[in-house]
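Before any comments, here is the structure.
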Amino acid sequence: MFSGSMTALVTPFRNGEFDEQAYRELIGWQIASGTDGLIPCGTTGESATLSHEEHDRVVEVCIDAVGGRVPVIAGAGSNSTREALRLTRHAKEAGADGALLITPYYNKPTQEGLYRHYSHIAGNVDIPIVMYNVPSRTGTNLLPETVARLAEMPNIVGVKEATADMRQVSRIVQLCGDSVAVISGDDFTVLPLLAVGGKGVISVVSNVAPADMAALVDSFFEGNLAKAAELHHRLSPLADAMFFETNPIPVKTALSMMGKIDPELRLPLVPMSDGGRVKLEAALRDYGLLGP
């Protein structure tokens, strides 16, 4: 259902508030650049520091700005199953094409707890659900066997895998076949993940280089592996730069250097260090995203 190059959108702020105009302009640029899907209110969108009202508004603006041109998979995860259920219901009511739900963080649920979390939400909201597994942020790994159990639910359609573990990705594909789309959550694993049966990426670096990430995925599925590999190697240094400091600090800083948003973040995230900015600017210039 969901495939290709999809962007985990930043949430631009101006004077402490959601910058709706800048957001709409980012969305227009993304779609014009060939992006296949958009994800509002994910980790890159600073969902953890959005109020519930802001979260709802960001999702609604994204859906309105997209206007049905590409799928919108609304971030709807929480460490509270009750809160995740509310966010998922709002995504459905607002007209999102799907919901992206991170594994509950901090609580560190067991595999049975993860199963019950996702199955409860999927059983109560009729919307396609993509699970999001990122143990480095949550402290919990959604194991392939649990993914396979959850794949039996008709509206659990995908898993965003950010373990960078190709053995785990391969095991999910082996167990689930086409019943669950495995989607890369790490920009540097896109090509190898596609090679073992993945369907696409939810990308950070595509915030700044959407056309090239879309071309990488398209080239792979067109059978042009040489072009896909060329783009993989071209994008790799830029993708590394997006993680010089905690995401989304570098990507928002990069977009501000490109003149697309203000460089505002919300505490506890802070502006990029001077040294980090120097390295980031050099990476953007090397890629051709800034003038000489």
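The values are calculated or read from the model by the stated rules, or taken from the named source; none is laboratory data. For clarity, every value in this text was computed on a predicted model and none was experimentally measured. Positions of Cβ are backbone-derived with ideal geometry, glycine not excepted, and every protein chain shown enters the neighbour counts.
Miscellaneous remarks
- Taken residue by residue, region 147-156 has no member that is outside any helix (DSSP H, G or I), of a type outside the set (A, V, I, L, M) and within 18 Å of the chain's Cα centre (by Cα).
- Considering Ala91, Ala74, Ala84, the condition of being closer than 30 Å to Ile27 by Cβ, in contact (Cβ under 8 Å) with a residue 24 or more places away in the chain, outside any helix (DSSP H, G or I) and under 19 Å from the mean Cα position of the chain (by Cα) is satisfied by Ala74 alone.
- Top-ranked residue of region 25-56 - restricted to ones that are out of contact with any helix residue (DSSP H, G or I) (no Cβ under 8 Å at 6 or more places or on another chain) and charged (D, E, K, R), ranked as surrounded by the fewest Cβ atoms within 10 Å (Cβ to Cβ): Glu53
- Among residues of region 209-227 that are among the β-branched types (Val, Ile, Thr), those with a Cβ under 9 angstrom from a residue that is surrounded by fewer than 19 Cβ atoms within 10 Å (Cβ to Cβ) and part of a loop (DSSP other than H, G, I, E, B), sequence gap 6+ or separate chain, pair up as Val217/Ser3.
- Residue match in region 211-225 (condition: touching a Phe, Trp or Tyr at 6+ places or on another chain (Cβ under 8 Å) and of a type in the set (A, V, I, L, M, F, W, C)): no
- Top-ranked residue in region 198-227 [being within 21 Å of the chain's Cα centre (by Cα) and farther than 25 Å from Leu255 by Cα; ranked as surrounded by the most Cβ atoms within 10 Å (Cβ to Cβ)]: Gly198
- Within region 13-24, residues that are more than 14 Å from Leu50 (Cα to Cα) and among the hydroxyl-bearing types (Ser, Thr, Tyr) have Cβ atoms under 6 Å from residues that are modelled with pLDDT of 95 or more and not in a helix (DSSP H, G or I) in these pairs: Tyr23/Pro12, counting only partners at least 6 apart in sequence or on another chain.
- Criterion: within 17 Å of Ser47 (Cβ to Cβ), in contact (Cβ under 8 Å) with a residue 12 or more places away in the chain and surrounded by fewer than 16 Cβ atoms within 10 Å (Cβ to Cβ) - qualifying residue of Tyr106, Tyr132: Tyr106
- Residue check for Thr49: of a type in the set (Ser, Thr, Tyr) and under 16 Å from the mean Cα position of the chain (by Cα): no
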